[in-house]
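*Asks:* Quick one: the structure is below, questions incoming.
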Amino acid sequence: METATTNCSVAVSKEGQTIALKEDSRNGYSHAEKLHVFIDEVLNEANIEKSDLEAIAVSKGPGSYTGLRIGVSAAKGLSFALDKPLISVPTLDALANQVDIKEGVVVSMLDARRMEVYSAIYNAGHTQIRDTQAQVLEASSFETFLNKGKVHFIGDGVAKTKELINHSNAIFIEGKLPSANEMGALAYDKYKISDIEDVAYFEPYYLKDFVAIKPKS
């Protein structure tokens, strides 16, 4: 389950390969209404019952506070009810896995408030080479990597990044959001080594504290 952004995305995978996928990013944050419907639909498409599942995987963040809460709550509920292991997949890892390159790096980024993004950097083999950060974008951001070779930017943080960065090595992949489609392989790798979460204590990785904005009267 992937709910860290406006994309409400659910997939069923077998040995890391997606066999059913349902997602919708067109109507904003409607995860509360869609998520459980999508779960039922992908299970029907895959022709399996909930009891047939061997593990539940969920996007752990960073991302939308509310979106992550909805996804993790649903995943924990299923894991507990079915007595199946819970696996968490870093949101930026799954997003980076949408990019298939032979050289250079991938900057996986999600839009945060104002000129800020949540980002992480990966090599061509999808190994993370810079930690996940909440960073304020500047014209010089990622300059060290850009001066060395091609840098592929992906995620909904790309729109405001391309307004600031003008470099011949910058490649902007637009219109992409994290998806459950790429989570299967990552979750399967964790499943094989029993890298699972404690259902009672697991919480999303928010990266930053939630700040409520008081509406104007």
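No lab work stands behind these numbers, since they all come straight from the coordinates. Given the structure is predicted, the values throughout are model-derived calculations rather than measurements. Cβ sites come from the backbone with ideal geometry, for glycine too, and all protein chains shown count toward neighbours.
*Asks:* What fraction of the DSSP beta bridges in the chain is antiparallel, stated in percent and rounded to the nearest 5?
*Replies:* About 65 percent, rounded to the nearest 5.
*Asks:* Do the alpha carbons of any pairs in LYS60/LYS208; LYS50/LYS76; LYS150/LYS176; LYS84/LYS176; LYS60/LYS148; LYS34/LYS192 sit beyond 23 Å of each other, and which pairs? Before the final figure, lay out each step's value.
*Replies:* Values: LYS60/LYS208 13 Å; LYS50/LYS76 14 Å; LYS150/LYS176 19 Å; LYS84/LYS176 31 Å; LYS60/LYS148 31 Å; LYS34/LYS192 30 Å.
Pairs exceeding the cut-off: LYS84/LYS176; LYS60/LYS148; LYS34/LYS192.
*Asks:* Subtract the Cα-Cα distance of THR66 and GLU163 from 0.36 nm times their separation in residues, and report this length gain in nm to one decimal.
*Replies:* Residue separation times 0.36 nm, minus the Cα-Cα distance, leaves 32.1 nm.
*Asks:* With loop defined by DSSP as not H, G, I, E or B, and exposure as at most 15 other Cβ atoms within 10 Å, which is the longest segment of the chain clear of exposed GluC sites (Glu not before Pro)? Please report the intermediate quantities before stating the final value.
*Replies:* Numbers: sites that count: GLU15, GLU49, GLU54, GLU103, GLU138, GLU174.
Excluding the exposed sites themselves, the longest stretch runs over 55-102.
*Asks:* To the nearest 20 debye, what charge dipole does the range 99-173 have about its Cα centre, counting +1 at the Cβ of each Lys and Arg and -1 at the Cβ of each Asp and Glu? All intermediate terms of the calculation are to be shown ahead of the outcome.
*Replies:* On the way: 8 positive and 9 negative charges, 16 e Å.
Once rounded to the nearest 20, the dipole reads 80 debye.
*Asks:* Hey, another quick one. Mean-square fluctuation check for the chain, GNM, Cα pairs under 10 Å: which of SER179, SER140, SER88 is largest?
*Replies:* Maximum among the listed residues: SER140.
*Asks:* Suppose the chain between SER30 and GLU103 were pulled fully straight at 0.36 nm per residue; how much longer would it get relative to their current alpha carbon spacing? If you can, show how the numbers build up before the last one.
*Replies:* On the way: separation 73, 0.36 × 73 = 26.28 nm, distance 3.73 nm.
Net length gain for the segment: 22.6 nm.
*Asks:* R0 = 35 Å: FRET efficiency of LYS148 with ASP83, Cβ-based, nearest 0.05?
*Replies:* Here the calculated transfer efficiency is 0.15.
*Asks:* Which loop trypsin sites (Lys or Arg not before Pro) in the range 79-159, with loop taken from DSSP, have no more than 11 other Cβ atoms within 10 angstrom of their Cβ?
*Replies:* Hits after loop and neighbour filter: LYS102, ARG113, ARG114, LYS148.
*Asks:* Which whole-number percentage describes the relative contact order of the chain, with Cα contacts under 8 Å and a sequence gap of 6 or more?
*Replies:* Taking the mean separation of contacting Cα pairs over the length of the chain, I get 24 percent.
*Asks:* Let me know the charge dipole size of the chain about its Cα centre in debye, to the nearest 20, where only the beta-carbon of Lys, Arg (+1) and Asp, Glu (-1) is charged.
*Replies:* Working: 23 positive and 30 negative charges, 140 e Å.
Magnitude of the dipole: close to 680 debye.
*Asks:* Which Cα, out of PHE172, VAL12, ILE70, lies furthest along the positive dipole direction of the chain (beta carbon charges, K/R +1, D/E -1)?
*Replies:* Final value for the positive-end residue is PHE172.
*Asks:* Quick one, could you list the DSSP H helices from the chain stretching 24 Å or more along their long axis (Cα atoms) with average Kyte-Doolittle hydropathy of 0.5 or above?
*Replies:* 65-82
*Asks:* Turning to a different aspect of this structure: Shape call for the range 64-217 from the C-alpha gyration tensor, a ≥ b ≥ c root eigenvalues: rounded (a/c under 1.5), prolate (a/b greater than b/c) or oblate?
*Replies:* Values: a/c = 2.57, a/b = 1.35, b/c = 1.90.
Verdict is oblate for the range 64-217.
*Asks:* Expressed in nm to one decimal, what extension gain is obtained for the pair GLU41 and ASP131 from 0.36 nm per residue of sequence separation less their Cα-Cα distance?
*Replies:* Stretched fully, the GLU41-ASP131 segment lengthens by 28.8 nm.
*Asks:* Give me the one-decimal nm value for the distance between modelled label points at GLU203 and LYS176, 7 Å along each residue's Cα-to-Cβ direction.
*Replies:* Calculated label separation equals 3.2 nm.
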